[in-house]
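Report on one structure; see the data block that follows.
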Amino acid sequence: MTLCIGLMSGTSADGMDACLVEITPDKVTMVDALCIDYPDEVSDFFKALAISETLSAELIMDADRLIAQYGVQAVVTLLEKNALSAADITAVGSHGHTLRHRPQPDGFSWQIGDPSWLAEYTGITCVADFRRRDIAAGGEGAPLVPAFHQVAMQAHQPCGVLNIGGIANLTLVNPDPNKTLGFDTGPGNALMDEYCRAMTGCSCDAGGSSAARGVVISDLLEEWLQHPYFSEEPPKSTGRELFNLKELSIPAECSPDDVLATLAELTATSITDAIKRFAPELKELYVCGGGVNNNHLMERIRAKLSEVKVQSTEAVGIHPDWMEAMAFAWLGWRTINHLSGNLPAVTGAQGERILGGIYPAGAGENNQK
């Protein structure tokens, strides 16, 4: 039995997800999972970093260490909860937290969360920095999770897997991995959450209740949908650098409920337009990520995809909160075993590559929280 742990801090910056999985060459089974929530001030700090135009080296390194400390806390808590020791775990696969992501050409991607700190204070070999090898090979470096979807959803192919985090990404899983398509569709929860924080002080529009009361501002929606990213061909990826409130023009006189309704419609329309364009025959769509809890958003997606069965990944036995953390446990296992982790058809890389850097645990096991 091979046990690995995956760590994920997404663009929503709400907490550190940790997932304990059992892995065989053809199957990944979740054993347990948890999330260490970020305090409001920490969440706000990470969100501000994502769209800040200037950052000091000291601030970046503080954030790098802070993300790693939350990762250590999550791993240690997960081990204690399951009566396991560091020796029981083959590797920790850590996505880290994305500080910057620039697509090709001349692309780069920067995930913080010091993997040396993780290896030192968990006593477990850590695999991290997954994206940059794919970028060096000419790829986007993202999304990487479609390679995992290819394995996790093998009994349900062909199908679509939609992750609605801060940014939304879509995988169109095909029985032939060379024909699987995956890309970021554009904004997920990020714009709605950012607007809620600015206008109400709340972290999100819980359940989409405010958006459901509002009326879509058609002219504003049409303006936003003209963003050139939406018409680009895959492979493509994006981030908070491109989709944030500073990039949108929102008249001050607009009702907050109407703005939220329009932002939700932007997310729903950009997702469903991509599906209609690249998978017009799609019959089944499985949704994961925080957006699955936004009832209004899910209703809008279903209304726009009337011929598609849209449901949570829980329908296939994968809790929607843990899909990405599971994926990075699996990617870490792939790296440790000298196996590739990317799908060139998705990222645009010149070929399959072994991803990430390996940070051995070594002899010391400090195991401090």
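Looking only at helices (runs of 4 or more DSSP H) that fall completely inside the range 13-123, which ones have 3 or more residues that are open to solvent by 60 Å² or more (accessible area, probe 1.4 Å) and farther than 20 Å from LEU331 by Cβ?
40-51, 57-81
Table: residues versus (1) of a type in the set (Ser, Thr, Tyr); (2) over 27 Å from LEU260 (Cα atoms); (3) at pLDDT 95 or above.
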residue	(1), (2), (3)
PRO146	no, yes, yes
HIS149	no, yes, yes
ASN163	no, no, yes
ASN178	no, yes, no
SER209	yes, no, yes
ALA212	no, no, yes
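Just wondering, is there one or more residues in the range 199-207 that are among the polar types (S, T, N, Q), open to solvent by 30 Å² or more (accessible area, probe 1.4 Å) and free of Cβ contacts under 8 Å to residues at least 24 places away in the same chain?
For the range 199-207, residues among the polar types (S, T, N, Q), open to solvent by 30 Å² or more (accessible area, probe 1.4 Å) and free of Cβ contacts under 8 Å to residues at least 24 places away in the same chain: absent.
Tell me which strands (runs of 3 or more DSSP E) are completely within the range 149-239 and hold 1 or more residues being touching a Lys or Arg at 6+ places or on another chain (Cβ under 6 Å), or say none if there are none.
181-187
Sort out which residues of the range 221-246 are out of contact with any Leu (no Cβ under 9 Å at 6 or more places or on another chain) and not basic (Lys, Arg), and write them in order of number.
Hits for the range 221-246 are GLU222, GLN226, PRO228, PHE230, SER231, GLU232, GLU233, SER237, THR238, GLY239, GLU241, LEU242.
Take GLY239 and tell me if it is closer than 30 Å to VAL127 by Cβ and crowded, with 22+ Cβ neighbours inside 10 Å.
So GLY239 fits the description; yes.
Take the range 34-89 and flag every residue that is under 19 Å from GLU241 (Cα atoms) and among the β-branched types (Val, Ile, Thr).
Result: ILE51, THR54, ILE60.
Restricting the search to the range 179-196, which residues are open to solvent by less than 10 Å² (accessible area, probe 1.4 Å) and of a type in the set (S, T, N, Q)?
Within the range 179-196, THR180, THR185 meet the criteria.
The values are calculated or read from the model by the stated rules, or taken from the named source; none is laboratory data. What you see is a predicted model, and the numbers here were worked out from it, not measured in a lab. Note that we place each Cβ from the backbone using ideal geometry, even for glycine, and neighbour counts take in every protein chain shown. Calculation scope for accessible area: heavy atoms of the full protein, side chains included, ligands and nucleic acids excluded. Shrake-Rupley method; radii C 1.70, N 1.55, O 1.52, S 1.80 Å.
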